[in-house]
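A short write-up of the structure that comes next.
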Amino acid sequence: MSDTHTPSPVPPGDRERVTVEPAPSSADSGPEPRRAAAEENQWREVFQRIVTGGWAISLGAVVLAILAGSVLIAFTDEAVQRAAGYFFSRPGDTFSAIGSAVGSAYAALFRGAVWDFTADDFGGAIRPLTATLTRATPLIAAGLGVALTFRTGLFNIGGRGQMLVAAAAAGWVGFTWSMPWPLHMLVALAAGMLAGALWAGIAGALKAFTGAHEVISTIMLNYVAFYLLSYLLATPGLLQAPGSSNPKTRPTLASAQMPKLFEGYNVHLGLVLVLLAVAFTWWLLERSKMGFEYRAVGINPHAARVAGIDVRRVTVSVMLVAGALLGLAGATQVQGTVVTGFSSDIDAGIGFDAITVALLGRSRPLGVLGAALLFGAFKAGGSVMQASEGVPIEIVVVVQSLIVLFIAAPPIVRAVFRIPEPGRRRAARAERKAVAA
């Protein structure tokens with residue numbers, strides 16, 4: 001007699017009630033995490049396509065924004081409005097007024113940003129160009145910081161806060177410490193860059209170790225930085241100038257200032273420093289191991305993690321470097337551009353404009369340089385356009401905003417200028433070759 005146990009057969013009526021449950025596997029468990037990862041990858045792909053797309057989209061976005069600005073200029077011009085009153089009887093007058101209004105407005109913009117062809121000498125003619133370079137200097141550094149995080153898949157919109165704390169640190173060292181030049185200038189610059197790096201590093205650490213979204217954390221840190229600086233400026237003995245009730249600091253000492261590059265012009269040494277920052281950022285992204293890790297994490301953090309890249313370390317380090325670049329922007333403001341003392345608006349909106357500059361520059365260092373020069377020209381020429389032609393300077397802001405809108409919606413630009421999708425021509429040629437073969 002055998003001791004082997006034979007299982008009893010299942011009665012026919014109970015077979016419908018018998019279910020076989022497969023063993024749980026890691027691939028099938030947790031549908032919510034898989035869905036969240038898929039959505040994150042989809043968002044990241046769209047984000048990378050926007051911030052690193054082709055140059056044709058950037059150029060098309062600028063052209064469309066300028067055309068839209070032309071329409072606004074025409075609508076706000078009094079001569080155009082008068083001529084439009086009898087458009088059906090003499091339409092040529094309306095079109096002539098539109099051409100005159102738009103042409104004179106953009107001529108004034110050029111005259112205030114690049115070359116003043118009404119000046120009596122060469123020095124006066126190039127003064128607008130130096131104003132553009134001065135306006136573009138902090139934009140270049142700030143744009144580099146934002147672009148660096150874009151390439152890593154992070155959306156750093158905390159440029160304002162990082163610039164404010166950097167300006168506070170550089171300014172405090174600049175008007176309280178006593179050192180010879182250039183040591184004092186370099187120490188103040190280092191203090192500003194370090195403060196910006198640490199402030200951005202807070203958001204990076206929150207993202208890396210708690211999963212807090214960098215958009216939320218950087219927005220909140222902007223508010224913290226602004227109100228902290230406002231408190232320091234309103235408190236005697238801290239940043240407020242002695243004997244004054246105004247929320248403004250003392251002037252930056254001459255030993256901490258960035259010297260002017262040319263006598264009689266406002267462009268200063270900060271321009272050279274930000275150009276060096278452009279070269280450094282290009283090398284970091286395109287030639288260094290750290291830059292390769294940044295780009296790999298930006299494309300696909302999960303694949304980068306599988307490849308052995310520490311995504312947490314990359315997240316923190318890129319925010320530190322980006323914060324240092326934005327700190328450079330803040331330091332150039334208080335050490336080169338505004339040396340008579342600053343208030344809580346020292347950032348001048350540059351922290352937010354840097355987002356547009358990074359988008360327009362496709363998150364490439366050289367592209368950021370060109371975009372910052374363009375925006376510097378808008379800022380320098382906008383005031384001349386308003387003063388000489390009566391065109392509201394807000395139109396320049398509208399043009400800048402429309403540039404962002406068109407960059408964020410590439411199908412609009414592709415449809416207007418008939419720009420093919422990336423790789424479509426190559427795929428079409430390959431298909432034709434396959435058919436011919």
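Here are the numbers:
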item: Filter result for V114 (in contact with a helix residue (DSSP H, G or I) (Cβ under 7 Å, 6 or more places away or on another chain), β-branched (V, I, T), closer than 25 Å to G361 by Cβ and at pLDDT 90 or above); result: yes
item: Number of positions in the range 201-257 that are farther than 25 Å from P301 by Cα, among the hydroxyl-bearing types (S, T, Y) and part of a helix (DSSP H, G or I); result: 5
item: The lone exception for D120 - which of (1) of a type outside the set (A, V, I, L, M, F, W, C); (2) over 21 Å from the mean Cα position of the chain (by Cα); (3) modelled with pLDDT of 95 or more it fails; result: (3)
item: Leading residue by the ranking (surrounded by the fewest Cβ atoms within 10 Å (Cβ to Cβ)) among those in the range 237-255 that are within 14 Å of V173 (Cα to Cα) and among the hydroxyl-bearing types (S, T, Y); result: S255
item: Among residues of the range 277-334, those that are over 30 Å from S255 (Cβ atoms) and more than 20 Å from the chain's Cα centre (by Cα), counted; result: 21
item: Test for A296: is it within 25 Å of S217 (Cα to Cα) and at pLDDT 95 or above; result: no
item: Residue that is nearest to G382 (Cα to Cα), among those in the range 73-112 that are out of contact with any Ser or Thr (no Cβ under 8 Å at 6 or more places or on another chain) and among the β-branched types (V, I, T); result: I73
item: Looking only at the range 256-289, and only at residues there that are among the hydroxyl-bearing types (S, T, Y) and either on the phi > 0 side of the Ramachandran plot or out of contact with any Leu (no Cβ under 8 Å at 6 or more places or on another chain) (or both), the one that is surrounded by the most Cβ atoms within 10 Å (Cβ to Cβ); result: Y265
item: Qualifying residue in the range 217-227 (condition: among the small types (G, A, S), within 27 Å of T315 (Cα to Cα) and surrounded by fewer than 24 Cβ atoms within 10 Å (Cβ to Cβ)); result: yes
item: Meets criteria (among the polar types (S, T, N, Q), surrounded by 15 or more Cβ atoms within 10 Å (Cβ to Cβ) and farther than 26 Å from I393 by Cα) for T94; result: no
item: Condition check for L67: part of a helix (DSSP H, G or I), modelled with pLDDT under 90 and surrounded by fewer than 19 Cβ atoms within 10 Å (Cβ to Cβ); result: no
item: Pair list, Cβ < 8 Å and 6+ apart or interchain, from the range 98-117 residues that are touching a residue at least 24 places away in the same chain (Cβ under 8 Å) and more than 13 Å from G390 (Cα to Cα) to residues that are of a type in the set (S, T, Y) and buried (at least 21 other Cβ atoms within 10 Å of the Cβ); result: A113/T132; V114/T132
item: Some residue of the range 380-396 being under 17 Å from the mean Cα position of the chain (by Cα), modelled with pLDDT of 80 or more and assigned to a helix (DSSP H, G or I); result: no
item: Of all residues making up the range 178-209, the number that are within 22 Å of P138 (Cα to Cα) and among the β-branched types (V, I, T); result: 1
item: When residues of the range 87-111 are limited to those that are of a type in the set (F, W, Y) and at pLDDT 90 or above, the one farthest from T134 (Cα to Cα); result: F88
item: Tally of residues being surrounded by fewer than 24 Cβ atoms within 10 Å (Cβ to Cβ), in a helix (DSSP H, G or I) and either in contact with a strand residue (DSSP E or B) (Cβ under 8 Å, 6 or more places away or on another chain) or without any contact (Cβ under 8 Å) to a residue 40 or more places away in the chain (or both) across the range 118-167; result: 5
item: Long-range neighbours under 6 Å by Cβ, at least six apart or interchain, first residue in contact (Cβ under 8 Å) with a residue 12 or more places away in the chain within the range 260-283, second among the polar types (S, T, N, Q); result: Y265/T130; N266/T134; V267/T130; V267/T134; G270/T137; G270/T332; L271/T137; V274/T137
item: Near pairs, Cβ below 8 angstrom, 6+ apart or cross-chain, from the range 191-203 (within 11 Å of V316 (Cβ to Cβ)) to any residue that is of a type in the set (D, E, K, R) and crowded, with 22+ Cβ neighbours inside 10 Å; result: A203/E214
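The values are calculated or read from the model by the stated rules, or taken from the named source; none is laboratory data. Since the structure is predicted, the reported quantities are computational estimates derived from the model, not experimental observations. Counting neighbours? That spans all protein chains shown, and the Cβs are built from the backbone with ideal geometry, glycine included.
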